[in-house]
1. Tell me, please, whether a residue that is closer than 19 Å to residue 89 by Cα, in contact (Cβ under 8 Å) with a residue 12 or more places away in the chain and of a type outside the set (Phe, Trp, Tyr) can be found in the stretch 59-67.
2. Report, by residue number, each residue of the stretch 14-40 that is hydrophobic (A, V, I, L, M, F, W, C), closer than 18 Å to residue 76 by Cα and either in contact with a Leu (Cβ under 7 Å, 6 or more places away or on another chain) or assigned to a loop (DSSP other than H, G, I, E, B) (or both).
3. Have a look at 31, 74, 50, 20 and point out the one that is over 14 Å from the mean Cα position of the chain (by Cα), touching a residue at least 12 places away in the same chain (Cβ under 8 Å) and loosely packed, with under 12 Cβ neighbours inside 10 Å.
4. Being assigned to a helix (DSSP H, G or I), acidic (Asp, Glu) and under 20 Å from residue 3 (Cβ atoms): is that true of residue 81 here?
5. So, of the residues in the stretch 53-70 that are of a type outside the set (Phe, Trp, Tyr) and closer than 12 Å to residue 11 by Cβ, which turns out to be nearest to the chain's Cα centre (by Cα)?
Amino acid sequence: MKNRTRLASIMQVYKDQFEEYEKRHNELWPEMEETLKAHGVHHYSIFLEEESGQLFAYLEVDDVETWDKVSKTEICKKWWDYMEPLMETNPDNSPVSKQLKSVFYLE
């Protein structure tokens with residue numbers, strides 16, 4: 001099996017929107033799930049640090065170039081529009097996201 005690339009980032013959800021953020025992800029649109037999987041996404045997790053509202057996202061991808069194409073899909077743009085009221089976003093409604101550098105991994 002080909003090695004997957006592990007990616008992590010941090011984002012920010014508004015403190016009064018924790019429940020709605022979780023609810024919307026628990027009800028992830030089937031089309032969004034299909035798109036993520038079609039772009040080689042595995043083991044996608046998002047964790048919330050409740051005191052600050054900071055989100056930690058972790059996922060594994062088959063290929064980073066293919067993963068990067070998710071943001072160009074109509075369903076992803078629609079998802080960003082849907083999530084925009086709940087979190088810090090860029091002008092295109094994509095989440096403000098800071099990529100994290102891997103410094104340790106134990107398998």
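Read the figures in this text as sums done on the coordinates, not as results from a lab. Treat the numbers as computed from the prediction; the structure is a model and nothing was measured. Glycine gets a Cβ as well: all are built from the backbone with ideal geometry, and neighbour counts include every protein chain shown.
1. Scanning the stretch 59-67 turns up no residue that is closer than 19 Å to residue 89 by Cα, in contact (Cβ under 8 Å) with a residue 12 or more places away in the chain and of a type outside the set (Phe, Trp, Tyr).
2. Passing the criteria: 28, 29.
3. Sole residue among the options that is over 14 Å from the mean Cα position of the chain (by Cα), touching a residue at least 12 places away in the same chain (Cβ under 8 Å) and loosely packed, with under 12 Cβ neighbours inside 10 Å: 50.
4. Answer is no for this residue.
5. 57
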